[in-house]
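Beneath this line is the structure, given in structure tokens, with notes to follow.
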Amino acid sequence: QKEVEQNSGPLSVPEGAIASLNCTYSDRGSQSFFWYRQYSGKSPELIMSIYSNGDKEDGRFTAQLNKASQYVSLLIRDSQPSDSATYLCAALNTGGFKTIFGAGTRLFVKA
Amino acid sequence: GAVVSQHPSRVICKSGTSVKIECRSLDFQATTMFWYRQFPKKSLMLMATSNEGSKATYEQGVEKDKFLINHASLTLSTLTVTSAHPEDSSFYICSAEGGAESSYEQYFGPGTRLTVT
């Protein structure tokens, strides 16, 4: 069983819509969670980190964490074609403090 | 802040030669650095974790004698691919953990695309 699971996609949304990216994790003790964006041919860049249950907003991005359900999500409001990328979810594994990455969800925003 | 550089960005080498890739944290001291490889349209694969002044911890299946890692300072880690072969061709990415608000956030370098002919 993979430790961080994401739907590989592609997820296709029209420009201006809300893109919802989801992630589940298996380590119930995980306390730190991260969303990274990776454009094709480039390295990942950190978008947001979240540590507490609830929502965390940063501009057009909102990260949501539900530790009881072991679920993390990323909402992108007013999606733009430039948001088209692969989004990686990551969780800090308490056994060894290793960050485990999901395989990523490909997002396409259609103009 | 939290900028990580990587050099070279692209390298082509002949089979049997060695290639060294440098990873530097430019504006913070990185307690831990990581080396990943990524094949086209595939997910990140962690190769090893390195801490300054100590031996790197390699993931299962990664040959430590082939992928030499040196973490000489809090701002520099190097990965040397020894006796490279075509199957080593890949996108190698380093990351550094640390920065002003650490909490295990990783900041990635731009990556090195290695082609072995």
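The values are calculated or read from the model by the stated rules, or taken from the named source; none is laboratory data. Just so you know, these numbers come straight off a predicted model, no measurement behind them. Here Cβ is always computed from backbone atoms with ideal geometry, including for glycine, and neighbour counts include all displayed protein chains. Surface accessibility is based on the protein's heavy atoms, side chains included, excluding ligands, DNA and RNA. Shrake-Rupley method; radii C 1.70, N 1.55, O 1.52, S 1.80 Å.
Round to a whole angstrom and tell me the spacing of the C-alpha centers of the stretch A:38-57 and the stretch A:59-111.
So the separation of the two Cα centres works out to 6 Å.
Report the calculated FRET efficiency for A:Lys42 and A:Ser69 (r = Cβ-Cβ distance, R0 = 35 Å), to the nearest 0.05.
Calculated value: 0.65.
Using the alpha carbon gyration tensor of the stretch B:4-117, what are the three equivalent-ellipsoid semi-axes (square root of 5 times each eigenvalue), largest first, in whole Å?
Semi-axes, largest first: 23, 14, 13 Å.
Given H placed 1.01 Å from N in the peptide plane, which residues other than close sequence neighbours of A:Ala17 have an amide H under 5 Å from its amide H?
A:Ser79
Output the relative contact order of chain B, whole-number percent, from Cα pairs under 8 angstrom with separation of 6+ residues. The partial results should precede the final answer.
On the way: 303 pairs, mean separation 43.9, N = 117.
In percent, rounded to a whole number, it is 37.
Rounded, prolate or oblate, given the Cα gyration tensor of the stretch A:28-111, with a/c below 1.5 counting as rounded? Please list the in-between numbers first.
Numbers: a/c = 2.46, a/b = 1.49, b/c = 1.66.
Oblate, since a/c reaches 1.5 and b/c is not below a/b.
Could you tell me which of the pairs A:Lys67/B:Lys55; B:Lys42/B:Lys66; A:Lys98/B:Lys41; A:Lys67/A:Lys110; B:Lys41/B:Lys66; A:Lys67/B:Lys41 are separated by over 28 angstrom between their Cα atoms in the structure shown?
A:Lys67/B:Lys55; A:Lys67/A:Lys110; A:Lys67/B:Lys41
Compute, for B:His7, the solvent-accessible surface of its heavy atoms (probe 1.4 Å) with the complete set of protein chains present, and express it in square angstrom to the nearest 10.
Using a 1.4 Å probe on the heavy atoms, I get roughly 120 Å².
With no other cysteine's Cβ closer than 4.7 Å, which Cys residues of the protein assembly as shown count as lacking a disulfide-compatible partner?
So, B:Cys13.
In whole Hz, what ³J(HN,Hα) sequence does the stretch A:55-61 give by Karplus (6.51, -1.76, 1.60; θ = phi - 60°), x for Gly and Pro?
10, 9, 10, 8, x, 7, 9
Mind giving me the FRET efficiency for A:Ser20 and B:Val3? R0 is 30 Å, r the Cβ-Cβ distance, nearest 0.05 is fine.
Approximately 0.50, to the nearest 0.05.
Where nothing but the Cβ of Lys and Arg (+1) and of Asp and Glu (-1) is charged, how large is the charge dipole of chain A around its Cα centre, in debye to the nearest 20?
180 debye
Would the protein assembly as shown count as rounded, prolate or oblate if I go by the C-alpha gyration tensor, calling it rounded below 1.5 in a/c and otherwise prolate when a/b exceeds b/c, oblate otherwise?
Prolate shape, in that a/c is at least 1.5 and a/b is the bigger ratio.
Going through the stretch A:1-88, which chymotrypsin sites (Phe, Trp or Tyr not before Pro) have at most 16 other Cβ atoms within 10 Å and a DSSP loop state?
Those satisfying the criteria are A:Tyr39, A:Tyr51.
Using a simple charge model, +1 on the beta-carbon of Lys and Arg, -1 on the beta-carbon of Asp and Glu, nothing else, what dipole does chain B show about its Cα centre, in debye to the nearest 20? Spell out each step's value before the answer.
Values: 11 positive and 11 negative charges, 100 e Å.
Charge dipole of chain B: 480 debye, to the nearest 20.
Heavy atoms of the protein only, probe of 1.4 Å, neighbouring chains included. What is the accessible area of A:Val72 in Å², nearest 10?
0 Å²
Please compute, for peptide A:41-53, the average count of beta-carbon atoms on other protein chains lying within 10 Å of each residue's beta-carbon.
4
Given the options A:Leu46, A:Thr99, B:Gly109, identify the residue whose Cα lies farthest towards the positive end of the charge dipole of the protein assembly as shown (+1 on Cβ of Lys, Arg; -1 on Cβ of Asp, Glu).
Toward the positive end, the furthest listed residue is B:Gly109.
Report the net charge of residues surrounding B:Gly111, where surrounding means a beta-carbon distance below 13 angstrom and charges are Lys +1, Arg +1, Asp -1, Glu -1.
Once positives and negatives cancel, what remains is +2.
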